[in-house]
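K.L.:
Here you go, one structure.
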Amino acid sequence: MSERDPLAQLLTELENPEFQEALSKLLELVKNLEKSGLLDMLVAITEPEVINRIFDMVITTGTMKLGDSIEGLLNKLGDVAEALQEDVKPASLSELIASLKDPEVAKGLGRLIALLKALGK
Amino acid sequence: MTEKVVVLGAGTGGLVAANLLVSHGYDVTLVEKKDYHLFQPGMLWIAFQGHDPSKYMRRVDTLVKPGVNLLKDTVESIDLNERTVKLESGKTLDYDKLIIALGVSYDYDSVPGHRQLWETYGDYFSGPEHAQRLWKHVSSLREGKLVLAAADPLYKCPPAPHKAAFLSSYTLKKMGRKDKVEVILALPFIHAYPSETMAKIVEPKLEEAGVTVMTMFTVESIDVENKKIYSMEGEELEYDVAAVIPINKGPQIEITPDSVKDEDGFIKVNKYTLEVEGFDDVYAIGDCNNTPTSKTGVTAHLGAEVVVDRILGYDAKFTGRTNCPIVANGTATFVISSYEHPVIPVKFSKFKRMLEDLFIAAYWSSLRDPEKWRSVFKAYFEATDPTKLGESGW
Amino acid sequence: MSEKIVVDARGTACPGPITKLVRAYRQAKNGDIIEVLATDPGFKPDVQAWVKRTGNELVELTEENGVIKAVIKVTAKK
């Protein structure tokens, strides 16, 4: 809420070494973006019309629900990764049937069926 | 000849309407008595986490597009038959179209003791200076009871006291006073939140934060000397620091004809077109009208878009859509409903907190350049339409 | 003199018809009758809970064509 002249404020900022350092890094970033051709792409992408199209595609009922479940999904993925690391011996059909008594396996199977249903919609 | 539109009030609704109309080539005059626009939810962070008010304030003249004729003045009276607006400076404006966006006014005098309580402790509704006063008391409360209550069930931003309870309990925890200070949320509703659907989601979260919830407690009088609050339902509460949401009323201005105001001074409108009853050239948007939906920045913003579209000649309709954010520690949820659809269950998540952070980050830009944000907001409101999210909610 | 106060809360969603009842109750005095009309289905259990807590008298609670009518006699005002 400062009432000071913005130009004068900028000049004092320029004397601040922290700001000078940040500014030189920013220039380096801009140079790199230009060299790699990414700057051109960024300029094109940030055209309001393109941004609107991107938002329109990204913001849907599905993505809103997905965003909400990402936390749970990531935790699940962690568990899956852990299970993949485990040493297991090959299972027979009778072992597969027996394992259905395991509530975790039964629940997982239920999830799998729900997933298949959703995929078939 | 260009149509002359007069917009009264530079809150969320007024700024969005004025800036949209000027980009469509209308002759727009915006009247505002204050120099600064306040991001009102910011008062919660000022009052309960000690934030600097400057973070939530911007000069009104930096929020209007070039071309908007901004008048720093106070509205005294409006004559809808004569199509004139009288200002405190003595100036009289005439208009082809009028948009009233004057918000609510607060009544601290109908509840005995309320003015004295407010002058002592402040609150998180009436302005940044009062929120700072409340912070002074909250931050120096070593032990005892912090009471957050309401004088009436109809106030703007229904989840404001819940946010206040969450934020203050986290602050007290951080200060190591959680066991010494009890946060009591005492509200007029039957459940912890006006909508039972959301109460079921919010109540366990409040419990988790250690907040004591009291329902059916509408403040009737306050005894500041003995630090006691009495409810209309016949109970009493002791406090060490208390903030009571004031009775909200319509804007304190004279309108001719008087019949367009309801008994509390809210302006009677068609709930879909937002046209003031009996006048097709006058609209009332945001908190100052009597639409049966929550009084929030989101409804003001959406209302402004509807009114601008109608002035442009489209048959746009206001849906009463709400999107009231409730923030808890690191998470958030939204209260989502519309005229056609009651509140759906929406649970707390980190993702929604991120969305809320993005909404806040876009706030200033969405006021000054609302046209740039329209399609983004439209996509969001369509994606989260209560009928689309379904009964299982979000 | 006792009065009859009619509160029309039809079509009111969040924050709901109970809001209008509470507001009418502030103005009322013992002996008054408050009649509330509402369409929100949640109003029925809500008004019962409210009457129980406040100690006022529920004279009538009916539903016809989707409109809930609650008639309350004010008896618990101090």
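The values are calculated or read from the model by the stated rules, or taken from the named source; none is laboratory data. As the structure is a computational prediction, the values presented were derived from the model and not from experiment. Using ideal geometry, Cβ is built from the backbone for each residue, glycine included, and neighbour counts are taken over all protein chains shown. Please note that ligands, DNA and RNA were not included when accessible areas were found on the heavy atoms of the full protein model with its side chains. Shrake-Rupley method; radii C 1.70, N 1.55, O 1.52, S 1.80 Å.
K.L.:
Return the average number of partner chain Cβ atoms within 10 angstrom of each residue Cβ along peptide B:338-345.
P.N.:
Numbers: counts 2, 2, 1, 1, 6, 5, 0, 0.
The per-residue average across the peptide is 2.
K.L.:
Here's a follow-up. Whenever you get a sec, line up B:Met214, C:Met1 from highest to lowest accessible area (probe 1.4 Å, protein heavy atoms). The partial results should precede the final answer.
P.N.:
Details: B:Met214 40, C:Met1 195 Å².
The ordering from most to least exposed comes out as C:Met1, B:Met214.
K.L.:
With each run of n ≥ 4 DSSP H residues scored as -39500 (n - 2.57), what mean residue ellipticity at 222 nm is computed for the protein assembly as shown after dividing by its residue count and rounding to the nearest 500 deg cm²/dmol? Let's see the in-between values first.
P.N.:
Values: 20 runs with 240 residues, N = 593.
Computed mean residue ellipticity for the protein assembly as shown: -12500 deg cm²/dmol.
K.L.:
Another question, if that's okay. So which trypsin sites (Lys or Arg not before Pro) in the range B:41-106 are both in a DSSP loop and have at most 14 other Cβ atoms within 10 Å of their Cβ?
P.N.:
On the way: sites: B:Lys55, B:Arg58, B:Arg59, B:Lys72, B:Arg83, B:Lys86, B:Lys91, B:Lys97; in loops: B:Arg83, B:Lys91.
Loop-located and lightly packed - B:Lys91.
K.L.:
Could I have the simple spin-label model distance between A:Val105 and B:Ser23, label points 7 Å from Cα toward Cβ, reported in nm to one decimal?
P.N.:
6.0
K.L.:
Leaving out ligands, DNA and RNA, calculate the buried accessible area for the pair B and A with a 1.4 Å probe, summed over both sides, in Å² to the nearest 100.
P.N.:
1500
K.L.:
Continuing with this model, one more query. Take the Cα pairs of the range A:7-46, get the Kirkwood Rh, then feed it into Stokes-Einstein at 37 °C and 0.692 mPa s and tell me D in µm²/s. Numbers along the way, then the final one.
P.N.:
On the way: Rh = 11.6 Å.
Answer, rounded: 284 µm²/s.
K.L.:
While we're on this one: Kindly provide the GluC sites (Glu not before Pro) of the range C:13-66 that DSSP labels as loop, not H, G, I, E or B, and whose Cβ sees at most 13 other Cβ atoms within 10 Å. Walk me through the numbers before you get to the answer.
P.N.:
Values: sites: C:Glu35, C:Glu57, C:Glu60, C:Glu63, C:Glu64; in loops: none.
Those that pass, being in a loop and sparsely packed, number zero.
K.L.:
Another question, then. For peptide B:50-60, what's the mean number of Cβ atoms from other chains within 10 Å of each residue's Cβ? Don't skip to the answer; put the middle values down first.
P.N.:
On the way: counts 0, 0, 1, 1, 2, 1, 0, 1, 1, 2, 0.
Other-chain Cβ atoms within 10 Å of each residue's Cβ, averaged: 1.
K.L.:
Sorted by accessible area with a 1.4 angstrom probe, largest first, how do A:Thr12, C:Thr19 fall?
P.N.:
A:Thr12, C:Thr19
K.L.:
Something else: Compute the accessible area per residue over chain C, keeping the other protein chains in place, probe 1.4 Å, unit Å².
P.N.:
Working: 3890 Å² over 78 residues.
Spelled out: the 1.4 Å probe surface of chain C, per residue, equals 50 Å².
K.L.:
What is the interface area between chains B and C, defined as buried accessible area summed over both chains with a 1.4 Å probe, reported in Å² to the nearest 100? Walk me through the numbers before you get to the answer.
P.N.:
On the way: alone 16740 and 4950 Å², together 19680 Å².
Chains B and C together bury approximately 2000 Å².
K.L.:
Out of residues 5 or more away from B:Ile336 or on other chains, whose amide H comes under 5 Å of its own, with H placed 1.01 Å from N in the peptide plane?
P.N.:
The answer is B:Ile344.
K.L.:
Roughly how tilted is helix C:17-27, in degrees to the nearest 10 and between 0 and 90, from the longest Cα axis of chain C?
P.N.:
Rounded to the nearest ten degrees, it is 20.
K.L.:
Can you compute the modelled spin-label distance between B:Lys178 and B:Thr74, with each label point 7 Å from Cα toward Cβ, in nm?
P.N.:
So the label points at B:Lys178 and B:Thr74 sit 4.6 nm apart.
K.L.:
How do A:Arg53, C:Arg10, B:Arg321, B:Arg374 stack up against each other in accessible area, from largest to smallest, with a 1.4 angstrom probe? Kindly include the intermediate steps, with their values, before the conclusion.
P.N.:
On the way: A:Arg53 145, C:Arg10 120, B:Arg321 10, B:Arg374 70 Å².
Accessible-area ranking of A:Arg53, C:Arg10, B:Arg321, B:Arg374, largest first: A:Arg53, C:Arg10, B:Arg374, B:Arg321.
K.L.:
Same structure again: Of the residues A:Ile97, A:Ile51, A:Ile70, which exhibits the maximal mean-square fluctuation in a Gaussian network model of chain A defined by a 10 Å Cα contact cut-off?
P.N.:
Looking only at A:Ile97, A:Ile51, A:Ile70, the biggest GNM fluctuation is shown by A:Ile97.
K.L.:
Using a cut-off of 10 Å between beta-carbons, work out the net charge of the residues near B:Met57 (Lys and Arg +1, Asp and Glu -1, B:Met57 not included). Provide the component values of the computation, followed by the final result.
P.N.:
Details: positive: B:Lys34, B:Lys55, B:Arg58, B:Arg59; negative: B:Asp35, B:Asp52.
Summing Lys and Arg as +1 and Asp and Glu as -1 gives +2.
K.L.:
Counting only the heavy atoms of the protein chains, how much of B:Tyr239 is accessible to a 1.4 Å probe, in Å² to the nearest 10?
P.N.:
We get 10 Å² for B:Tyr239.
K.L.:
Right, something else. Between the range A:33-80 and the range B:102-136, what's the alpha-carbon centroid distance in Å?
P.N.:
With the range A:33-80 and the range B:102-136 each reduced to a Cα centre, they are spaced 43 Å.
K.L.:
Per residue of B:186-199, count partner chain C-beta atoms within 10 Å of its C-beta, then hand back the mean as an integer. Spell out each step's value before the answer.
P.N.:
Details: counts 0, 0, 8, 7, 12, 4, 0, 2, 8, 6, 4, 2, 1, 0.
Per residue, the average neighbour count from other chains is 4.
K.L.:
Given the whole protein assembly as supplied and a 1.4 Å probe, what does the accessible area of B:Met175 come to in Å², nearest 10?
P.N.:
80
K.L.:
Continuing with this model, one more query. Looking at the range B:23-126, which GluC sites (Glu not before Pro) are in a loop (DSSP not H, G, I, E or B) and have at most 15 other Cβ atoms within 10 Å?
P.N.:
Values: sites: B:Glu32, B:Glu76, B:Glu82, B:Glu88, B:Glu119; in loops: B:Glu82, B:Glu88.
Passing sites in the range B:23-126 are B:Glu82, B:Glu88.
K.L.:
Also, quick follow-up: Rounded, prolate or oblate: which fits the range B:336-392 when a ≥ b ≥ c are the square roots of the eigenvalues of the alpha-carbon gyration tensor, with rounded for a/c under 1.5 and prolate only if a/b beats b/c? Write down the numbers at each step before the final one.
P.N.:
Numbers: a/c = 2.66, a/b = 1.53, b/c = 1.73.
Cα axes put the range B:336-392 in the oblate bin.
K.L.:
When the accessible area of chain B is split by element with a 1.4 Å probe, what percent falls to carbon and sulfur?
P.N.:
On the way: 7080 of 15100 Å².
Ligands and nucleic acids excluded, carbon and sulfur reach 47 percent.
K.L.:
Another question, then. What is the gain in length, in nm to one decimal, between A:Ile51 and A:Glu71 on full extension, counting 0.36 nm per residue of separation less the C-alpha to C-alpha distance? Write out the running numbers ahead of the final one.
P.N.:
On the way: separation 20, 0.36 × 20 = 7.20 nm, distance 2.63 nm.
Length difference between fully extended and current span is 4.6 nm.
K.L.:
Roughly how tilted is helix A:61-85, in degrees to the nearest 10 and between 0 and 90, from the longest Cα axis of chain A?
P.N.:
So the helix axis and the longest Cα principal axis differ by about 60 degrees.
K.L.:
How much net charge surrounds C:Lys69 when only the other residues with a Cβ under 12 Å from the Cβ of C:Lys69 are counted, with Lys and Arg +1 and Asp and Glu -1? Mind dumping the intermediate values first?
P.N.:
Details: positive: C:Arg10, C:Lys44; negative: C:Asp8, C:Glu35, C:Glu60, C:Glu63, C:Glu64.
It works out to a net charge of -3.
K.L.:
Take the alpha carbon atoms of the range B:109-247, find their radius of gyration, then divide it by 2.2 N^0.38 Å using N residues; give the quotient. Write down the numbers at each step before the final one.
P.N.:
On the way: Rg = 13.8 Å, N = 139, 2.2 N^0.38 = 14.3 Å.
Relative to the 2.2 N^0.38 Å estimate, the range B:109-247 comes out at 0.96.
K.L.:
Can you pull the one-decimal nm distance between simple spin-label points at B:Asp309 and A:Ala83, each 7 Å off the Cα toward Cβ?
P.N.:
In this crude label model, B:Asp309 to A:Ala83 measures out at 4.7 nm.
K.L.:
With respect to the cross-link table entries A:Lys65/B:Lys173; A:Lys76/B:Lys350; B:Lys268/C:Lys69; B:Lys97/B:Lys268; B:Lys227/C:Lys69, which display a Cα-Cα separation exceeding 28 Å?
P.N.:
Details: A:Lys65/B:Lys173 32 Å; A:Lys76/B:Lys350 16 Å; B:Lys268/C:Lys69 24 Å; B:Lys97/B:Lys268 17 Å; B:Lys227/C:Lys69 39 Å.
In this structure, A:Lys65/B:Lys173; B:Lys227/C:Lys69 lie more than 28 Å apart at Cα.
K.L.:
What does the charge add up to near B:Ser349, with Lys and Arg as +1, Asp and Glu as -1, over the other residues with Cβ less than 10 Å from its Cβ? Provide the component values of the computation, followed by the final result.
P.N.:
Values: positive: B:Lys347, B:Lys350, B:Lys352, B:Arg353; negative: A:Asp68, A:Glu71.
So the environment of B:Ser349 carries a net charge of +2.
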